[in-house]
1. Can you tell me the 0 to 90 degree angle between the C-alpha axis of helix 57-70 and the longest principal axis of the chain, rounded to 10?
2. Counting only DSSP beta bridges with both residues in the chain, tell me the antiparallel percent, nearest 5.
3. What's the angle, to the nearest 10 degrees (0 to 90), between helix 243-252's Cα axis and the longest principal axis of the chain?
4. Applying a 10 Å radius around every beta-carbon, put 26-39, 9-22 in order of their mean neighbour count, most first.
5. Would you mind pulling out the separation of the Cα centroids of segment 246-274 and segment 1-74, in Å?
6. Extension gain residue 302-residue 8, at 0.36 nm per residue separation less the Cα-Cα distance, in nm?
7. For helix 266-281, what angle does its Cα long axis make with the longest principal axis of the chain, in degrees from 0 to 90 and rounded to 10?
8. With an 8 Å cut-off on Cα pairs and a minimum separation of 6 or more residues, tell me the relative contact order of segment 115-366 in percent.
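Bear in mind that the values in this text are calculations on the coordinates, not laboratory data. This one's a predicted model, so the numbers in the text were calculated from it and none came from an experiment. Quick reminder, even Gly has a Cβ in these numbers, built from the backbone with ideal geometry, and neighbours come from all protein chains shown.
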Ligand SMILES: Nc1ncnc2c1ncn2[C@@H]1O[C@H](COP(=O)(O)OP(=O)(O)OP(=O)(O)O)[C@@H](O)[C@H]1O
Ligand SMILES: [Mg+2]
């Protein structure tokens, strides 16, 4: 393979736009925390200024910057240097934070501590919705609060797969959309789908084209009230042929990370690679690959690779993202989807084990939970107090 050209400054900046300081609630670029980025061939050095040097969030930010910038094509090595903000830099940060609070209503109610994960593929029918529903259920069963946003406006299937299709979205007093809630073990699902809007019927073909589609997804991102603070993951089930919605998402929510679903077949791998390309054009991080419809194992233990073999691993290699899991073909997935009882929640089965392993990999490594419990210091308050009440 030809050597990769060095990354552009724009791509590095794009990746940094996805790094959120969970306590200050904005990305590190707009917060003025990025002092400098130096690109030297495939090595990138990022210098970050923190409000206070001691916060445990330091490690989190460091890891996020390494993951995000490290996934930019052409980057092999990321160095992060952290310093403490000068009083002038703190003033700038406060001005920005105040401006946001006063003049600019938050664009979205998604808490800064939530990880936003879009599940996409180049091609339809590979199991995006099945993966989204089962992964959401598995994460919730671990005790997490998981939002599920069905961005497949015209072909929604999430409400049925999660067994909430008889429920409709409600509105809060201030006319925000309240997600449908469903308890799973110690955790909670919060589901939003066009299929749960008043008046929508599943078999009614809704013809949405690019612009309208984007407006609908934007509406969901802006107007859903997710509830205070405790959303751990927001999974977004992407429609097939993702370009419009994907680019829209990149613009509206650059912190989104992508999981690319493919089947083991070579052809599927090629289209999936295009989806990964699209993600990167929008500077979204591709956090990993999930292979779906891997070999079917019959009751006698023989393995049948009905849709080929190795597509997930090849795609992962090709796009330079890890293969996070393989979900076997199992009629239980389809049956569970129709019955609204995700197969991943079955007491013991190969499919349930595969989803448990996938969830574990995501939570601990690929898209780790944002840990705030060690960081109780309210930085904004501290900075404000240090600068005095007028600050600016
Ligand atoms: N691992 C699996 N084993 C068996 N059946 C599966 C598996 N994954 C998905 N299916 C079935 O394949 C069909 C397509 O799956 P699904 O709707 O999740 O795909 P999709 O990528 O979301 O499709 P679309 O592009 O139309 O949104 C469904 O009938 C589903 O039940
Ligand atoms: Mg789907």
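1. Value to nearest ten degrees: 60.
2. Details: 17 of 57 bridges.
Around 30 percent antiparallel, to the nearest 5.
3. Orientation of helix 243-252: about 30 degrees from the principal axis.
4. Details: 26-39: 18.1, 9-22: 20.6.
Ranked by mean Cβ neighbours within 10 Å, highest first: 9-22, 26-39.
5. Measuring centre to centre over Cα atoms gives 22 Å.
6. On the way: separation 294, 0.36 × 294 = 105.84 nm, distance 4.90 nm.
Here the answer is 100.9 nm.
7. Around 20 degrees separate the two axes.
8. On the way: 549 pairs, mean separation 62.5, N = 252.
For segment 115-366, the relative contact order is 25 percent.
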